[in-house]
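The values are calculated or read from the model by the stated rules, or taken from the named source; none is laboratory data. Bear in mind the structure is a predicted one, so any value in this text is a computation, not a measurement. As a convention, Cβ positions derive from the backbone with ideal geometry for all residues, glycine included, and neighbour counts pool all protein chains shown.
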Amino acid sequence: METTKQLTVENVNFRDPAERALFNKQQEALFAERKQAIIAGLKRDGLLDEKGCFVFDQPLPDDMQPDSLADFEH
């Protein structure tokens with residue numbers, strides 16, 4: 001079984017459509033792994049619940065409440 005080398009910005013031939021597609025596929029897989037690791041860490045630290053929603057220990061400030069009239073235009 002042949003293993004595919006890990007392509008990097010330094011060694012990928014961007015002029016080759018097949019190699020560029022493989023590079024993109026490898027990058028997407030790496031990003032997915034990183035994302036899952038970050039989510040697992042947030043859950044482990046108690047910042048995300050099992051549904052992936054943020055868990056807040058303290059109430060939000062008044063200007064961050066859903067019904068707040070604060071905006072960034074002033």
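For residue 24, the stated conditions do not hold, so it cannot be described as surrounded by 10 or more Cβ atoms within 10 Å (Cβ to Cβ) and assigned to a loop (DSSP other than H, G, I, E, B).
Taken as a whole, region 29-37 holds no residue that is of a type in the set (A, V, I, L, M, F, W, C), touching a residue at least 12 places away in the same chain (Cβ under 8 Å), part of a helix (DSSP H, G or I) and surrounded by 10 or more Cβ atoms within 10 Å (Cβ to Cβ).
Residues in region 38-61 that are at pLDDT 85 or above and surrounded by 10 or more Cβ atoms within 10 Å (Cβ to Cβ): 10 in all.
Would you be able to say whether some residue in region 8-18 is in a helix (DSSP H, G or I) and either among the aromatic types (Phe, Trp, Tyr) or touching a strand residue (DSSP E or B) at 6+ places or on another chain (Cβ under 9 Å) (or both)?
no
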